[in-house]
1. For the stretch 517-534, enumerate the residues that are in contact with a strand residue (DSSP E or B) (Cβ under 8 Å, 6 or more places away or on another chain) and either surrounded by fewer than 24 Cβ atoms within 10 Å (Cβ to Cβ) or over 20 Å from V49 (Cβ atoms) (or both).
2. So which residues in the stretch 183-225 are at pLDDT below 90 and charged (D, E, K, R)?
3. Got a sec? Which of K146, K212, K192, K207 is in a strand (DSSP E or B) and of a type in the set (D, E, K, R)?
4. Could you check how many residues of the stretch 162-172 are more than 22 Å from E545 (Cβ to Cβ) and crowded, with 16+ Cβ neighbours inside 10 Å?
5. Say whether the condition of being surrounded by 15 or more Cβ atoms within 10 Å (Cβ to Cβ), basic (K, R) and not in a loop (DSSP other than H, G, I, E, B) is met by at least one residue in the stretch 80-96.
6. Is the stretch 241-251 home to any residue that is over 21 Å from I412 (Cβ atoms), of a type in the set (D, E, K, R), assigned to a strand (DSSP E or B) and in contact (Cβ under 8 Å) with a residue 12 or more places away in the chain?
7. For the stretch 61-102, how many residues meet the condition of being touching a residue at least 40 places away in the same chain (Cβ under 8 Å) and touching a strand residue (DSSP E or B) at 6+ places or on another chain (Cβ under 7 Å)?
Amino acid sequence: MIKIGIVGCGPRGLASLEALISKLSSGQISQEFFITIFEPAPFPGAGKVWSPEQSTANWANISLRSLSQLPGREPLKLNDLTIPGFPKFTQWVFQKHGIVNNSKQDLFVKRSMIGEYLNERFKSIFKVLKKEGLACWKRCKVEELKEEKGKIALQIKKGKSVTVDECLLTLGHLKTKPDKQISTWMKHADNKQIQLFTSPYLKKLAKKIKRKDIVGIRGFGLGTIDVVRLLTVEKGSKFKKRKDSFFLEYVPSSKSIETIVPFSLDGLPPSPKPLNELLDLQYEPSELSLIAFQSKVKENLDKGPEAKSTFFLKEAFANIAVDTFASKYDISTRELKKLAKQWLVEPTLSHELILDHELDTVEYMKSLVLMASGEKKATLDYCFGQLWRHLQPDMYRLFSHCSLDDKLMTEIIELDEATKRYSFGPPVESILQLIALAEAKVLNLEYVNNPTIDTQDKGWQFNNAMTCSVMIDSVLSPPKLAETDSKLIKKLMDNDELKLVTSDLGISTSSDGRVESSNEKLSQHLTMLGRNCKGSVMGVDAILECFGPRIDDWAIGFCDRL
């Protein structure tokens, strides 16, 4: 009997389980098997990040229209066992909640609803496997992992371990060590009448903060938007449409927080996605342009380590930007091409066709909203950001497990990260809410751009002026495994049994997920998928990528080894 361990069962763990059963059901593998799933969170399939129990203040940043690409599961036949199919997300959300997308305005569902779907999908396959004695779920963390005589021993508690023949790590978000600023603040907040929250998604957060508290939020991205809703809407306040206006008016409650002070290194808000499909079409490249882009990138990827710089990607992007936007703007082809390349390196550059980053923050957000809604001609930075978003699925496929030099791969990932303010942007509604809160004097944006912060007995003082008694860190840890707090990963790295792509990225893996290790037996039986392999793969944070082709590559590789 082949014993298989899946450590971590969020969306990727679920997709891996389904892909594995699908391949095993093909009839090519005759061995008996048993799968042990290790997931400490109470909702396998959803994991912690997509928990069905999280606050409804947390919205997904992917539209229902885009979620139509999240496939369902076909029925599977495993010997005499039938595993039922499961609908794609858009079918399920209509059947369960009566929700359909709106052609006038893309709908963005709550993260908890996606979590509900993922957990139900997990239960529909797991209950059949469990009943047949083919799988079990252990609600615990794996503390340590060792190779022993060609097998993998997984320690779950002191003195207790589970041994498997093959082990897959799909660990999802791992905490990293606090940076210097947060470490200092943690010491400062000890034993004082001030509060520091190191995560924006703690259950106790809303209850611990009172109406009169002045709340600082480190970060000005998606996490901040969720926290702001938690401190306002979740405490009974609401937004209503203004008469004869696209914008909103904020109506506070008796419990909602009165003063919220976000800040970030550049003070720039995330850019909303286009309001609907029709508006989004103008940022999509033509099929011919996309083929040319893919060809240009692939041509340089085929050079492998001989490719020395990111010039080829910038050039390919500039060419497709010219094809897509040149006829719509009063700018020469040559200048547009130059501007597209410059923007990739310096997204805040100044130009008459780029939105002025020196604008008042509220005016800046209003411009973004009007562009996203088709009420104002989009500036080229907005165009470039949305075009990059449309290219990401192709880039994820092309750059994952390519043969580029590690340093060059790091630079390419840095380019992708720099566009996330656009490509991972929220719905228009979220930015409208921020504008309404700022105009109601609840959201204080005076200190949003990299303020000087001094620790005082009463809290955190901004620019020698306003003092916050509560501080929330909304900046999520990147998958920088050299700084991880995970005992499991730290132990493997301390023993030199895992290889990092670079010190700023994740674990080096092969195309079928096998880890690169000095221990050859370990690399034959230990695989890893997901965000902790960043650098080996690209596009680790997108929910659609959790059900993408790399999962099938792993399942095929596993069955081939059998």
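The values are calculated or read from the model by the stated rules, or taken from the named source; none is laboratory data. Note that the structure is predicted; figures quoted are calculated from it, not measured. Please note: Cβ atoms are built from the backbone with ideal geometry, for glycine as well, and neighbour counts cover all protein chains shown.
1. Correct list: S517, N519, K521, L522, S523, Q524, H525, L526, T527.
2. D190, K192, K203, K204
3. K146
4. So the count comes out to 4.
5. Looking for residues that are surrounded by 15 or more Cβ atoms within 10 Å (Cβ to Cβ), basic (K, R) and not in a loop (DSSP other than H, G, I, E, B), one finds none in the stretch 80-96, hence no.
6. Checking the stretch 241-251: at least one residue is over 21 Å from I412 (Cβ atoms), of a type in the set (D, E, K, R), assigned to a strand (DSSP E or B) and in contact (Cβ under 8 Å) with a residue 12 or more places away in the chain.
7. Matching residues across the stretch 61-102 total 3.
Residue by residue, here is whether (1) buried (at least 18 other Cβ atoms within 10 Å of the Cβ); (2) under 25 Å from the mean Cα position of the chain (by Cα); (3) not in a helix (DSSP H, G or I) holds:
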{"residue": "P274", "(1), (2), (3)": "yes, yes, yes"}
{"residue": "A292", "(1), (2), (3)": "no, no, no"}
{"residue": "P305", "(1), (2), (3)": "no, no, no"}
{"residue": "A321", "(1), (2), (3)": "yes, no, no"}
{"residue": "I331", "(1), (2), (3)": "yes, no, yes"}
